[in-house]
Amino acid sequence: MSNFIFNETERTISIRYIKSRRVEGFISVSAWFSLIGIILGVATLIVVMSVMNGFRTDLTNKILGLNPHLTIQSNGYKIEKSFVENLKNKYEYFKVARSFTGEGIIINNEKAKGVIIKGIEKKDLKKFLKIENFNKGNINNFETGTVLLGGELAFNLDLELNDQINIMSSAFITTPAGSLPKQEIFKIQGIFNSGFFEFDQKLNFILLDDSISLFQKTLNDIDLEIFLPDPIKAERLKLEVQNLNKNYFVYSWNDVNKSFFSALKVERNVMFIILTLIIVVAAFNIISGLTILIKNKTKEIAIIKTLGLSNKSIVKSFFLTGFSIGLFATITGVLIGTIFSIYIENIRQILSSF
């Protein structure tokens with residue numbers, strides 16, 4: 001351990017090399033540029049990565065606000081009650097909801113819009129939508145023959161609370177005139193705003209029994225949707241749940257949005273690499289500065305060696321010089337970057353006011 005301890009002489013020489021008392025002491029200017037370069041590089045790295053991680057987290061929360069973390073698809077096999085009970089007993093923290101999702105068309109006067117229709121049970125509605133998501137209506141009025149739709153969809157079709165709409169499903173019924181898409185009339189009892197445009201423009205909620213009737217499905221077509229306290233664990237738990245019954249198909253929220261989050265991940269990694277290169281360049285500035293210092297201080301080094309200082313002590317002195325600059329710059333950069341990230345919204349508001 002004694003080889004890594006710096007004595008007073010080595011520390012004094014290192015401090016002397018960082019400072020410059022004469023004009024020709026280029027190391028002082030070089031040290032300052034290296035110091036500032038590393039501070040800016042580290043601070044920028046922290047701020048950019050914090051912003052990107054915050055953006056990803058905010059976007060994930062909005063997507064997960066209406067999407068389950070795990071979905072168990074029946075694949076034509078009825079999801080037995082015993083399977084559900086076994087699932088709840090093994091994973092007590094699971095919040096399980098039954099659902100059916102299909103595609104249809106909403107018709108209002110002369111306007112029509114392709115939508116996604118999700119059938120759920122009333123007791124499970126709060127797992128998909130929070131009270132603050134509702135612009136208009138009351139979730140307690142969610143009954144048979146009613147529908148909850150997104151604010152963007154309501155705006156595009158000029159719909160208001162208590163209006164009646166015609167929903168056409170992809171199922172066909174036989175009539176004297178031939179096969180026609182099945183249609184049913186629903187009353188709007190709620191308009192929600194999830195904060196995610198795609199959902200607010202296309203997603204609609206009706207009761208599970210209504211969705212089975214509208215799409216002419218059976219209990220064998222009902223899926224299970226699972227909500228977790230920590231959505232990040234969904235990928236690991238997906239394999240465990242799949243092993244409970246091979247007849248069912250299990251997928252996670254990450255599978256549904258895989259290409260989108262993969263693009264975000266690639267962008268974040270590229271930004272990390274680019275910003276890291278800034279720090280590497282600044283670090284090389286320290287090395288080049290020390291190299292110039294050694295060349296300029298050749299005579300002084302010879303005098304110090306004549307006075308009895310060993311080669312190892314001289315090397316340790318130069319090492320301490322570079323290490324001190326790098327350590328101080330890194331700590332300062334971390335502090336600046338962290339403070340900036342914490343108060344970034346306040347800073348944005350101040351800059352916007354000018």
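The values are calculated or read from the model by the stated rules, or taken from the named source; none is laboratory data. Since the structure is predicted, the reported quantities are computational estimates derived from the model, not experimental observations. So basically every Cβ, Gly included, is an ideal-geometry build from the backbone, and we count neighbours across all protein chains shown. Keep in mind that these areas ignore ligands, DNA and RNA; they rest on the heavy atoms of the full protein, side chains included. Shrake-Rupley method; radii C 1.70, N 1.55, O 1.52, S 1.80 Å.
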Points 7 angstrom from Cα along the Cβ direction at residue 116 and residue 143: gap in nanometres? 2.9 nm
Give me, ordered by chain and number, the residues 5 or more places off residue 257 or on other chains with an amide H under 5 Å from its own placed amide H. none
Cα→Cβ-extended label distance, 7 Å offset, between residue 105 and residue 32, nm: 7.3 nm
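Give the shape of region 53-134 as rounded, prolate or oblate, defined through the alpha-carbon gyration tensor: a ≥ b ≥ c are the square roots of its eigenvalues, a/c under 1.5 means rounded, and otherwise the shape is prolate if a/b is larger than b/c and oblate if not. Don't skip to the end; give the middle numbers.
Details: a/c = 2.17, a/b = 1.27, b/c = 1.71.
Verdict is oblate for region 53-134.
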When only Cα pairs under 8 Å and 6 or more residues apart are kept, what is the percent relative contact order across the chain? 31 percent
Can you compute the helix-only [θ] at 222 nm over the chain? Use -39500 (n - 2.57) per DSSP H run of at least 4 residues, normalise by all residues, nearest 500 deg cm²/dmol. -17000 deg cm²/dmol
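Is the shape of the chain rounded, prolate or oblate, going by the alpha carbon gyration tensor and its root eigenvalues a ≥ b ≥ c, with a/c under 1.5 for rounded and a/b larger than b/c for prolate?
Values: a/c = 4.29, a/b = 2.77, b/c = 1.55.
The shape class here is prolate.
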Tell me which residues come under 5 Å, amide H to amide H, from residue 251 once H is placed; ignore anything under 5 positions away on its chain. 71, 73
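Extension gain residue 12-residue 59, at 0.36 nm per residue separation less the Cα-Cα distance, in nm? Please report the intermediate quantities before stating the final value.
Details: separation 47, 0.36 × 47 = 16.92 nm, distance 5.27 nm.
Gain on extension, residue 12 to residue 59, equals 11.6 nm.
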In whole percent, and with a 1.4 Å probe on the protein chains, what portion of the accessible area of the chain is carbon and sulfur? 61 percent
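Listed highest first by mean packing, meaning other Cβ atoms within 10 Å per residue, what order do 179-191, 334-346 come in? Intermediate values should be presented prior to the final figure.
Values: 179-191: 16.6, 334-346: 14.2.
Most protected by this proxy first, the peptides run 179-191, 334-346.
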Sequence of 58, 230, 223 when ordered by accessible area, the most exposed leading, probe 1.4 angstrom: 58, 230, 223
Per the charge dipole of region 93-142 (beta-carbon charges, Lys/Arg positive, Asp/Glu negative, Cα centre), the residue among 108, 134, 96 reaching farthest to the positive end is 96
Would you mind working out the magnitude of the charge dipole of region 105-144 relative to its Cα centre, with +1 at each Lys and Arg C-beta and -1 at each Asp and Glu C-beta, to the nearest 20 Debye? 120 debye
Could you work out the relative contact order of region 108-214? I mean the mean sequence separation of Cα pairs under 8 Å and 6+ apart, divided by the number of residues, in percent. 44 percent
Can you pull the one-decimal nm distance between simple spin-label points at residue 240 and residue 310, each 7 Å off the Cα toward Cβ? 5.7 nm
Give the accessible surface of region 79-125 per residue, rounded to a whole number of Å², with probe radius 1.4 Å and ligands, DNA and RNA excluded. 58 Å²
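For the full complex of protein chains and a 1.4 angstrom probe, list 9, 71 by accessible area with the highest value first.
Result, largest first: 9, 71.
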Paramagnetic reach from residue 277 in region 312-340 [backbone N under 19 Å; point 7 Å along Cα→Cβ]: none
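Please work out the average accessible area per residue across region 155-226, using the 1.4 Å probe convention, and give it in Å². Don't skip to the end; give the middle numbers.
Details: 3430 Å² over 72 residues.
Per residue, region 155-226 has an accessible area of 48 Å².
Using R₀ = 51 Å, calculate the FRET efficiency as 1/(1 + (r/R₀)^6) where r is the Cβ-Cβ separation of residue 172 and residue 51; round to 0.05. Let's see the in-between values first.
Numbers: r = 50 Å, r/R0 = 0.98.
Step by step, r from the Cβ atoms, then E = 0.55.
Calculate, in nm to one decimal, what residue 78 and residue 158 gain on full extension: separation in residues at 0.36 nm each, minus their alpha carbon distance.
On the way: separation 80, 0.36 × 80 = 28.80 nm, distance 3.94 nm.
Answer, rounded to one decimal: 24.9 nm.
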Taking amide H atoms as placed 1.01 Å from N in the peptide plane, list the residues 5 or more away in sequence, or in a different chain, whose amide H sits under 5 Å from that of residue 115. 104, 105, 106
List 39, 105, ordered by accessible area with a 1.4 Å probe, largest first: 105, 39
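Rg over Rh of region 156-284, using C-alpha atoms and the Kirkwood radius, what does it come to?
Numbers: Rg = 22.8 Å, Rh = 19.9 Å.
Checking Rg against Rh, the ratio lands at 1.15.
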Cβ charges +1 (Lys, Arg) and -1 (Asp, Glu), total dipole of the chain, debye: 1980 debye
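What full-extension length gain, to one decimal in nm, is calculated for residue 249 and residue 95 as 0.36 nm per residue of separation minus the Cα-Cα distance?
On the way: separation 154, 0.36 × 154 = 55.44 nm, distance 1.83 nm.
Going from the current span to full extension adds 53.6 nm.
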Compare the Cα positions of 212, 242, 222 along the charge dipole of region 199-244 (+1 at Cβ of Lys, Arg; -1 at Cβ of Asp, Glu; about the Cα centre) and return the one farthest towards the positive end. 242
Mind checking which of 333, 71, 32 is farthest towards the positive end of the chain's charge dipole, using Cβ charges of +1 (Lys, Arg) and -1 (Asp, Glu) about the Cα centre? 32
Starting from the Cα gyration tensor of region 85-191, take the square roots of the eigenvalues, sort them a ≥ b ≥ c, and report rounded, prolate or oblate (rounded when a/c is under 1.5, otherwise prolate if a/b is larger than b/c, else oblate). oblate
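How large is the charge dipole for region 225-354, taken about the Cα centre, if only the Cβ atoms of Lys, Arg (+1) and Asp, Glu (-1) carry charge, to the nearest 20 debye? Intermediate values should be presented prior to the final figure.
Values: 14 positive and 8 negative charges, 159 e Å.
I would put it at about 760 debye.
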